[in-house]
């Protein structure tokens, strides 16, 4: 369990960094307001400035409300969270898998995996869902709407 | 659990292979021997997209048994789609639309593909830049407009669809040709916004594709003074071309159906012959005319030449 | 009068009527599926519309248009995923009502009623005062668009139920993301990290799907493991909204419909801005403003009435000036022209029966949409009773399919996944994802019109303060931002 105070601090730092980066990047473009209007760097610079300012305000707010902010917890480390991280990893793997074995096949692999992680142990249900959904996508998106979902790199 | 997963994967792979093998059964002649993907590097519903889909449906009717599948790829301002097309297998089953931006982007540092990466089938639309002004404007023809612009250097507001985009380039060309200076006001969301701005009298003129302004011009709220084309527009037969008035400028926003370079000549010939028939047919012309667009029938080599000419023109103009 | 009878005859033709119903059905489906947009549906069925003779094709397109704006609310309410950008605001109260208060039927019923109300209201405005509204819309030039964008952005403070500062930060990030790509005002290439993909700007729909659908699914996975069974055998009492709800929301629906009609008739603005402004105004004027964000019925009715009211409003510039009110109407204009109807000032004079047919078609489309909506509510709610272990993997897969259908690009999919994962963490940190999305949607409009106004005034900022409409919206924005703090002080 992480306290919101710590998280706010992280956000503050990131805000300053990102705001600063935006300002530096925009400074590379012309910024003066001429007869042709402001240069392309003007607006992003303004945004970067406001972001940095907002980050500072956040820091001040956090310090002022130190008590309640420390009590507020951000749930990041429980068992439930870990399951989410596993699912995230599965999804990222899925992206890679799409390239390897094609979308439809990868989909039929992904669905049972996620269902398993959600405590489903009914094999028939997993098979049925996987095949059913993939078939539905194939019929509606593949055939009807002609969306050609990626196929395996090996088949190209 | 492991056994079931393995079983699933094997079944899936089998299905995949069978599916692929199955489609190779049809051994008909090109183009009926498989789907032809047409990459449209714009979002669905826009001008290029509807014209492309129209052209494809006519071609499909003409080439019996063929199936054209339009695929929208609006990413990267359309450049991603054009690049992908240039890298596609040149077997006649991947075609795509390219627009006049292809001739401009390489010289603006925005893209690396040029017209040399493609062979063209046809260009169904090539909208010329037209000088359109408000009804109350004190000028009624090109010369009066130029004189007014010279008297009010830097004050006449000229709307365009974005700095660096085609209509802005057209306006810059105009400035160079006639020795005038405008105030360029970009309307990035497109010509419809320019039409609204003209109707509301927030700008004074624009050089753009006249089809968007047709209803206003017909109703009399806007005036069209001249057209940058080789021949007069069928919709506005009383409007002179820049060429007639002594200034041979031709800036067109074209969209062309092309194939990647290296596509075999026989297949290109099949497509070009069909395109020739389609573009000269009455139904095709009616389809576009009813939308206020002047259709063109620039086929094959003539289309290649147009793309090359425009590329050379923009190279000269943009590499200042 | 004779023209109206002719128009009624056109609609009564069974084939035309069937086309209308078909269109509404297709529209609802396209709207409900994130990644499939109104424009996509219209573009796909355009060839069909051309093939049909007479009004059939136009009626079908009208049906798609009205249905799609409504359809987005279905996934917004049930899955916290807006099916179209115009339904983002509906997630704010629709999802809490469906899930926390276990009243998905009520939420869907309210949304259907409000959508139909908004659509019919705007069609009536179209019929009665189109020329007047068109004249007002012509007054809008770049300063007014900028002021409208600022006004729209000011709702970030309403929408950040967590922490206003973080909401503002999110909004700024969104505004910044909108600047990536080719700057249309100067031609400069900004922040593209030398990639071709970013040249066209940050793709908005993949981020929308990722940040709403995927991160919500991840959150549901967590809730599942916490054994928080939120969707457990919800019963439907009534499909139609109760009288109390109707009384509570009537003024809101009226106000939101007016806002939506007005925004619709301004060319270049659409359902997304209308729904945000309607939501914001509903919250500011409501007696129950504290309940917003927790399942407040007004919070569902307002954005839905607002976004559907755009449908009639967007036709005002089309029929009076020949200028499209938004992207979808631009497509429909093409269809109108192919049928021989030249939209513009001459249309009313030359082809009155067809114009009346369009009016009646719009009215009917909204009624049919309401009927379909009501009849499908029970079905939709049954879907929420599907156990999470089946539903969540399916939704995850559909986010991929939806994103890919949008632009046929795997890069979009990667962005979607990244946004989803990032969104999960940002939600934990009490950032408001809606604020980021609002920033992305309105960023372009705000900056381009700001810069454009200064171009038109030769660099003189006074232009923002000398034009009445512009000044009005800017002041409204400032008041909107400041009012909550002033009210708090009074308390």
**Tilt relative to chain B, helix B:2-23 - C-alpha long axis, 0 to 90 degrees, to 10** = 60 degrees
**Fill in**
The percentage of Cα-Cα pairs in chain A separated by more than 21 Å is 69 percent
**Item:** Kirkwood hydrodynamic radius over Cα pairs of region B:235-320, then Stokes diffusion coefficient at 25 °C and 0.890 mPa s, in µm²/s
**Value:** 159 µm²/s
**Request:** Would you mind computing, in nm to one decimal, how far apart the modelled labels at residue C:475 and residue C:460 are, each placed 7 Å from Cα along Cα→Cβ?
**Result:** 2.2 nm
**Prompt:** For the pair residue B:91 and residue A:124, what calculated FRET efficiency results from E = 1/(1 + (r/R0)^6), where r is the Cβ-Cβ distance and R0 = 35 Å, to the nearest 0.05?
**Reply:** 0.20
**Request:** Between the alpha-carbon centers of region B:220-262 and region C:255-285, tell me the distance in whole angstrom.
**Result:** 40 Å
**Request:** Highest first, please rank the peptides C:308-318, C:323-333, C:56-66 by the mean number of other Cβ atoms sitting within 10 Å of their residues.
**Result:** C:308-318, C:56-66, C:323-333
**Request:** Two decimals is fine: what is log10 I(q)/I(0) at q = 0.20, 0.22 Å⁻¹ for region A:83-139, from a Debye sum with one equal scatterer on every Cα and no solvent?
**Result:** -0.74, -0.87
**Message:** Using a 7 Å offset from Cα along Cα-Cβ at residue C:379, what residues in region C:60-74 end up with backbone N under 13 Å from the label point?
**Reply:** none
**0 to 90° range, to nearest 10: angle between helix B:47-62 axis and chain B longest Cα axis** = 50 degrees
**Asked** With each label point set 7 Å from Cα along the Cα-Cβ vector, what nm distance links residue A:85 and residue C:6?
**Response** 7.2 nm
**Asked** Which residue, B:55, B:245, B:172, has the most motion in a Gaussian network model of chain B that connects Cα atoms within less than 10 Å?
**Response** B:245
**Complete:** Highest mean packing first, using Cβ neighbours within 10 angstrom, the peptides A:122-132, B:116-126, C:397-407 sort as C:397-407, B:116-126, A:122-132
**Item:** Relative intensity, log₁₀ I(q)/I(0), of region B:130-227 from a Debye sum that treats every alpha carbon as a point, q = 0.14, 0.23 Å⁻¹
**Value:** -0.43, -1.26
**Theoretical FRET efficiency, 1/(1+(r/R0)^6), r = Cβ-Cβ of residue A:24 and residue C:132, R0 60 Å, to 0.05** = 0.75
**Request:** With label points built 7 Å along Cα→Cβ from the Cα atoms of residue A:71 and residue A:100, find their separation and express it in nm.
**Result:** 5.0 nm
**Message:** So for each of A:93-104, B:67-78 I average, over its residues, the number of other beta carbons within 10 Å; can you give me the resulting order with the highest mean first?
**Reply:** B:67-78, A:93-104
**Request:** Only residues of region C:126-161 count here: report those whose backbone N is under 20 Å from the spot 7 Å along Cα→Cβ of residue C:291, or say none.
**Result:** C:158-161
**Request:** Just tell me how shielded C:336-347 is by partners: mean number of partner chain Cβ atoms within 10 Å of each residue's Cβ, no decimals.
**Result:** 4
**Asked** So what's Rg/Rh here for chain C, counting alpha carbon atoms and using the Kirkwood radius for Rh?
**Response** 0.96
**Fill in**
In whole angstrom, the spacing between the Cα centers of region C:401-419 and region A:23-59 equals 30 Å
**Message:** Rounding to the nearest 10 and keeping the result within 0 to 90°, find how far the Cα-based axis of helix A:42-64 lies from the longest principal axis of chain A.
**Reply:** 90 degrees
**Request:** Within a 10 angstrom radius of each residue's Cβ in C:55-61, how many Cβ atoms of other chains show up on average? Whole number is fine.
**Result:** 0
**Request:** Please report, to two decimal places, log10 I(q)/I(0) for region B:30-172 at q = 0.20 Å⁻¹ as given by the Debye formula with identical point scatterers on the Cα atoms and no solvent.
**Result:** -1.21
**Item:** Translational diffusion coefficient (Stokes-Einstein; Kirkwood radius from C-alpha pairs) of region C:113-192 at 25 °C, 0.890 mPa s, in µm²/s
**Value:** 151 µm²/s
**Request:** Over the protein assembly as shown, consider all pairs of different Cα atoms and compute the Kirkwood hydrodynamic radius from their mean reciprocal separation; express it in Å, one decimal.
**Result:** 29.0 Å
**Asked** Can you pull the Kirkwood radius for region C:5-106, inverse mean 1/r over Cα pairs, to one decimal in Å?
**Response** 14.2 Å
**Fill in**
For peptide C:207-219, the mean count of other chain Cβ atoms within 10 Å per residue Cβ is 1
**Request:** Calculate the length of the line joining the C-alpha centroid of region B:105-179 to that of region C:189-206, in whole Å.
**Result:** 26 Å
**Directionally averaged shadow of region A:2-74, computed from the convex hull of its alpha-carbon atoms, nm²** = 5.2 nm²
**Complete:** Long-range share for chain B, i.e. C-alpha pairs more than 38 Å apart as a percent of all pairs, stands at 22 percent
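Only the coordinates and a few stated rules stand behind these numbers; no lab work does. Quick caveat, the model's predicted, so the values are computed rather than measured. So basically every Cβ, Gly included, is an ideal-geometry build from the backbone, and we count neighbours across all protein chains shown.
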